[in-house]
Every structure is written in structure tokens, then in C-alpha cells.
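As C-alpha cells, the structure follows; a few thoughts come after it.
The values are calculated or read from the model by the stated rules, or taken from the named source; none is laboratory data. In this text, all values refer to a predicted model and were calculated from it rather than measured experimentally. Note that we place each Cβ from the backbone using ideal geometry, even for glycine, and neighbour counts take in every protein chain shown.
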Protein chains: 2
Amino acid sequence: MAQWKEQLKIIAETINKVIANDRFPEKIEPAVLRQAVRAYPMLGGKRLRPALVMWACGLFGGKPETVLPAAAAVEIYHNWTLVHDDIIDCDDFRRGTPTTHISIAASAETEYGATGKTASKFGTDFAILAGDLQQSWSVDMLCKLQDNGYCAGTVLYLIRKMQEELGIDLISGEACDVAFEIRKDEIPEHEVRKMISGKTGALFSYCVQTGAILAKPELDFEHPDVKAIAEFAECLALAFQLRDDWLGIFGEAEKFGKPIGSDFQEGKPTLLYLAAIKNGSAEQQQKLRSLLRLEEYTPEIVEEIRALLRETGAEQIILDEIDSCSKRAVKLLSRFEKNAYRDYLEELTGALTGRNV
Amino acid sequence: MAQWKEQLKIIAETINKVIANDRFPEKIEPAVLRQAVRAYPMLGGKRLRPALVMWACGLFGGKPETVLPAAAAVEIYHNWTLVHDDIIDCDDFRRGTPTTHISIAASAETEYGATGKTASKFGTDFAILAGDLQQSWSVDMLCKLQDNGYCAGTVLYLIRKMQEELGIDLISGEACDVAFEIRKDEIPEHEVRKMISGKTGALFSYCVQTGAILAKPELDFEHPDVKAIAEFAECLALAFQLRDDWLGIFGEAEKFGKPIGSDFQEGKPTLLYLAAIKNGSAEQQQKLRSLLRLEEYTPEIVEEIRALLRETGAEQIILDEIDSCSKRAVKLLSRFEKNAYRDYLEELTGALTGRNV
């Protein structure tokens, strides 16, 4: 296994333990809510965001093991946004298991004998509260950096940035994405880019900025090195999102985790779709628009979409942008002295932006 | 006007300004969400919780004007819980104006041309996100104590308590209240008391504890004086809730703000109802249960409920408990040296627990 992958696995195991052993959820009542608050954060997953905190810390010369509370905090933060997103998107499954509101609705049946609409409303209500508690938990987890010897001023700085920058950018990104769905106009590309930057980029940035500050508390988010690593994370997030858009059409359903064509079905203005509209002939544009929001996406329809995205040059445009994001990310890393953590971040960039990984 | 009322009015005006001038919401996108985040916190109201922070600070010998960020923070915190509660309770109005999700649903129509279920789903989705942002805003506001010269350690301590104690107790209280509605059993009195203590008491306590710590940062929540003022706030909250239960049956609709009998209509296990069940004959118990969850509460039915609550002695039990809470609260204040702030807190106790105020 590649070095970075091995390291990521170790980080995932450590974060699992930190989250499982943390006492924050213990006093939550009733038990159904307590379990729901723990569920997503303990579901595992790649733990990419904690790795970004720890490797950025290592890159800036700090000791990654001292920043574990921050690494766990960003993971829990990520999870509260997922819980609320899943309610908003009416998603029933995440990573193959029922989403929080669906799983609580099932508990309402076993626990309280509620059924139908009553159980489903209860599931949503409790999932709202579970996400609220997870947001509190993430702030609390960040506070625990103080127990690892970090001075209160540094921790407070990171908490404030979590609210003023991460919180506003991420939640605004999610809100714009929700608004896209009901808007009647075709969403301009710059708005889609801003949404991606908020919804995915903001947390990636916050992770590496936090790692950097915890390695060198004398820096702030405005320091050129911290700005550079934040831009690295933004590039990574954009490449990651573009690759996701590409996989959503050109990938395989099993690897992608969702049905191929679901972005078209939901009428999502992906950058891939917008590139095809921008570069297509009037006829191609019309055809593409007619393929949005269909009931069903048969293999034939998916092939038709693929052909249109190829013929308009949109596929190549997106693949080229993934490449250039990836190159820019690696270039941004090159200003830092080479060490193991820089290698991990570089290898991660290659792997995340590779088209078939 | 009584001294405390005049002071409360000044505090309300000051808090209105602090919230209106705070720059946190400025960068929120889209505008509909930004307005929703500001709406409840700027709606005004008594600003009782900010007053508790400021008067407790004054009681402990501090300067109330230096704790304004904390006073604004608890008010914003209170508001995020209201926004999410209103979604959960499907309430359309609060203080005579449309609730956040209803108001955003209307914006969805004017702003994006959405109607019906689409507009209403959008209203709920954005209201979830608005509450999320308000929770972030309240933490951010607390961080701003540092700008008033408070040391980072003190601020961090208060942030941590906000998550670990206030957050868990308050959200658990709300969750238990939601669970009461779908439970098939009659809710035991001790669970109702715990729910009230979480849903109302926890924030009242946090307000006075915060005021105390900001006056004397060398104290912590375990110090006997801080525990005493926290118990004062718990008594106040319980008396406040009991009075609310009483007004919900024996009050007048205009003053109460909701239709008389609505607790019975919603099947709420109020302490007033439970006292009647506990003390009533088998026949009275049966009659009381049959009066829950009716379609309509005519003046005749309300009179029937009133008579039952009187005859079982439940009304007197509740009025006596309001009195004893109020006396206990005043006694707890008496351990502190008399000053203007102690007078305000004492007068507030009398007014809040008075039956017709």
C-alpha cells in the first residue's frame, strides 16, 4: 500500500477511537437522540479531513498527534452538515446505511410504536436536533485542544474562524445549492464555482489552515504560507468535485455509490453540464436540456449524454481542469520544505484527482 | 415604571443595537438566508436572557456594559432554538409575525416563483440552515468578549460550558418534549420536570452563570455563589413555566398569545394537568383524559377543564408551587450583598411569577 494510504488508515483508526471515547454525547437524552448524534461520526469513512489537519500540521513542522482534537472536530463538523443535508435532499441512504432521519424514523416505530407520517416527521425532527448537537460537539472538541497544551488564545482564534469563515461559507454554499434547484434560470458558471468553493472548499481550507496554525501559533490565516496551503486545499476540493461530476456520468455506479446520471435527474448545474451548454451548438444545447429531470436514466440515455458531453468538448474541458487544479495544488506545496507530510499531501492530490481511483 | 422595567427597556434597546450592528451575517448568501438569520434576533422582545447575564454580572460586582457580547450571544442562542422548534412544532406564527420557515416559503414565491409544496419545503430547508448559522453566530458573539478585554481562557471556558452543559441540556429537553408527543404512555412527572429544566432552565442558568464568571473570572460553575445564582435561575424558569401552564387555561387569549386550551389540544403533559390526574378521582381522571386532543375548545369546554382543575386541587397546587419557587429564588438572592442588580432580579422574580403580569 502507498505510504499516504497507510498513514490515512492509521489516522482513520485513531480518529475512530477519539470520537468513540469522547464523553460529549453521554448525557444526551433520550437514548434515540444520543445514538443518532454518535452514528455518522462513528460510521468511519476515509477521514480525509482529519488527515488534512494532521498533515498540514506536519508540513508546518508541528507534531500531528497533538492536534487530534482539531482533527476530530472537523470530522464531526463535516458530519453535522451531512445530517442536515440529507434531510434537505430527502436522501434515504449514505454510504449504504440509512441516513439519520430515516434511521430515527425506524427507531420511532420500535421505540414508541409510531408509524407512517408520524414516524417520518419524528425522524426529521430528531435529525435536526442531532445535527444541532453535532455542531455543538465540534466546537466542544476544538475547545479540547487546550487539554493538549495549546494556549486559549490560539484555540479561540480557531473557534472564531470556524464560525465566521467556515460556517458562513459552507452553509451559504449549501443554501445556494438548494436555491439552484428551485430557480427558473440557468445558473451562471461563476455562481456554481462559488457554491463548490463554499460547500466543499471551505472545510478543506479550514482543515489545512488549522493544521498550520497549530504547528505555528504565531501565524494567522493571512500569513502567505497559510494562504498558500489554503489555496492548495481549494484546488484539491475543486478537482475533487470535478472528478465527482465526471464519475457521475462516465463512472460506474458501484464505484460512484449513486446511480449514473443522477446529477442530470436532479437537474444539477454541474460544471461538466455547463461546459457542454457553453460549447454546444443550439441543437446540442436543446438536446442536453431535454435530458434533464427525466424519470429514468436507461443505459441508452446515459450513452446519449456521454456522447453529447464528448462531442461538445465538455468532457475534455473538465479533465483538463482537473489536471490543472492538481498541478497547481502540487506547485503550491513546492514552496514548503520537503518532508513526509508534504509527500502525503502530494500523493493524496494525485490519487484524489486521478480519474479512476 | 418600576426601576427593573426601565432597566430592562434600556437593555433591550442596547441589545437591539448590538445585534443590528454585528457584522457576522453580512457575507451570508443568498440574501433570503441572510435576512432569515437576522430576522428573529432583531424581532425585539423582552430580552430577558440578556438582562439575566447583565444583572448577574452586576450582582457579582462586575460592570454590566462590558458583558454585552455575552448578553447578545445568549439571545441569539435562544433564537436559533426557536427557529428549529418552530419547524418541529409546525408553528406558523411567533409574536404575531410569520415564523422563519413560513416567511422563507413566502420569499421563495416572490424571489424564485416557487409555489405550494416546493415553496414550503424550501422554507423548511432554509430555516434549518438559518438556525444552524444562528448557532454559529452565538458562539462567534461569545468570542467577541475578547475584544472587550476578557482573557481568552475565560471566554473559552464559557464557550465550552455553552456546548457541554447548555447545549446538551437544552436540546435534550426539546427532544424529550418532542418524544412526549408520540409516546403512548402517560409521561411521569419527573420526566416533565427534567424536560422543563432542560428546555427553559438550562439557558436561564447559563445566563446568570456567565454573568457571574465575567464579573469574577476567578470563579467557576462549581463555586457556591455561582451554584446559588444558577439555582435562582432554575427556580425562576420553573415558576415561569408553571405560570405559563396556568395562563394557558386560566388566562386570557390576548394576553397569553395562544388560544386558551391549546396545551390540552396538543395533548401536552403539563404539570398542571399531571397534578389533576394525580389528585383526581377515577371519574375526574377519565373526564380529564377525554378532554385532551379535541378538535375545538369552546368556552364551555374551557370552563369544564377549569372546574376540573379547581376541584382536583391542581390549580392550587400549581399556584402554591409558583409561590414557593418565587420565595426560594428570592431567598437565594439574599446571600448576596444588596445592590441595584439584586433589586432588579428580585423585582423581576416577583413580576414574572405574578399571576396576571
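Annotations for the structure displayed:
- Where a residue in region B:320-338 is over 18 Å from B:F204 (Cα atoms) and its partner, wherever it lies, is at pLDDT 95 or above and assigned to a helix (DSSP H, G or I), with Cβ under 6 Å and at least six apart: B:E321/B:L242; B:R335/B:A228; B:F336/B:L59; B:F336/B:R342
- Options B:A39, B:A106, B:A72, B:A56: the member that is touching an Asp or Glu at 6+ places or on another chain (Cβ under 9 Å) and either of a type in the set (A, V, I, L, M) or under 24 Å from B:N339 (Cβ atoms) (or both): B:A72
- Qualifying residue in region B:80-89 (condition: closer than 27 Å to B:T154 by Cα and at pLDDT 95 or above): yes
- Tally of residues being surrounded by 21 or more Cβ atoms within 10 Å (Cβ to Cβ) and either away from chain B (no Cβ under 11 Å) or at positive phi (or both) across region A:17-37: 1
- Screening A:L294, A:L288 for residues that are outside any helix (DSSP H, G or I) and at pLDDT 95 or above leaves exactly one candidate, A:L294.
- Of the residues contained in region B:165-188, one or more are found to be more than 10 Å from chain A (Cβ to nearest Cβ), aliphatic (A, V, I, L, M) and closer than 29 Å to A:T110 by Cβ.
Okay, residues lined up against (1) under 29 Å from A:K184 (Cα atoms); (2) at pLDDT 95 or above:
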{"residue": "A:E266", "(1), (2)": "yes, no"}
{"residue": "A:A276", "(1), (2)": "yes, yes"}
{"residue": "A:A307", "(1), (2)": "yes, yes"}
{"residue": "A:G350", "(1), (2)": "no, no"}
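- Condition met for B:A230 (closer than 30 Å to B:Q146 by Cα, among the aliphatic types (A, V, I, L, M) and under 17 Å from the mean Cα position of the chain (by Cα)): yes
- Check on A:A329, assigned to a helix (DSSP H, G or I), in contact with a Leu (Cβ under 8 Å, 6 or more places away or on another chain) and modelled with pLDDT of 95 or more: yes
- For region A:56-162, the helices (runs of 4 or more DSSP H) that sit wholly inside it and include 3 or more residues that are more than 9 Å from chain B (Cβ to nearest Cβ) and surrounded by 21 or more Cβ atoms within 10 Å (Cβ to Cβ) are A:68-88, A:100-112, A:116-143.
- Test result for A:A51, crowded, with 24+ Cβ neighbours inside 10 Å, of a type in the set (G, A, S) and within 14 Å of chain B (Cβ to nearest Cβ): no
- From the list B:R23, B:R47, the one residue that fits, being at pLDDT 95 or above, charged (D, E, K, R) and in contact with a Leu (Cβ under 8 Å, 6 or more places away or on another chain), is B:R47.
- When A:D185 is tested against (1) among the acidic types (D, E); (2) free of Cβ contacts under 8 Å to residues at least 12 places away in the same chain; (3) in a helix (DSSP H, G or I), exactly one condition is not met: (3).
- Selection of region A:189-216 for residues being more than 12 Å from every other protein chain (Cβ to nearest Cβ), crowded, with 20+ Cβ neighbours inside 10 Å and within 30 Å of B:T115 (Cβ to Cβ) yields A:V192, A:I196.
- The one condition from (1) modelled with pLDDT under 95; (2) over 30 Å from A:G61 (Cα atoms) that A:I249 does not meet is (1).
- On inspection, B:E174 passes the criterion of being surrounded by 20 or more Cβ atoms within 10 Å (Cβ to Cβ), acidic (D, E) and touching a residue at least 24 places away in the same chain (Cβ under 8 Å).
- Number of the exception - A:G313 against (1) closer than 30 Å to A:L332 by Cα; (2) within 27 Å of the chain's Cα centre (by Cα): (2)
- Hits in region B:148-181 (condition: of a type in the set (D, E) and at pLDDT 95 or above): B:E164, B:E165, B:D169, B:E174, B:D177
- Single residue of B:S262, B:S324 found to be in contact with a Lys or Arg (Cβ under 9 Å, 6 or more places away or on another chain) and either surrounded by 16 or more Cβ atoms within 10 Å (Cβ to Cβ) or under 30 Å from B:P50 (Cα atoms) (or both): B:S262
- Number of the exception - B:D140 against (1) under 22 Å from B:D89 (Cβ atoms); (2) within 26 Å of the chain's Cα centre (by Cα): (1)
- Test for B:A228: is it at pLDDT 95 or above and either within 14 Å of chain A (Cβ to nearest Cβ) or buried (at least 22 other Cβ atoms within 10 Å of the Cβ) (or both): no
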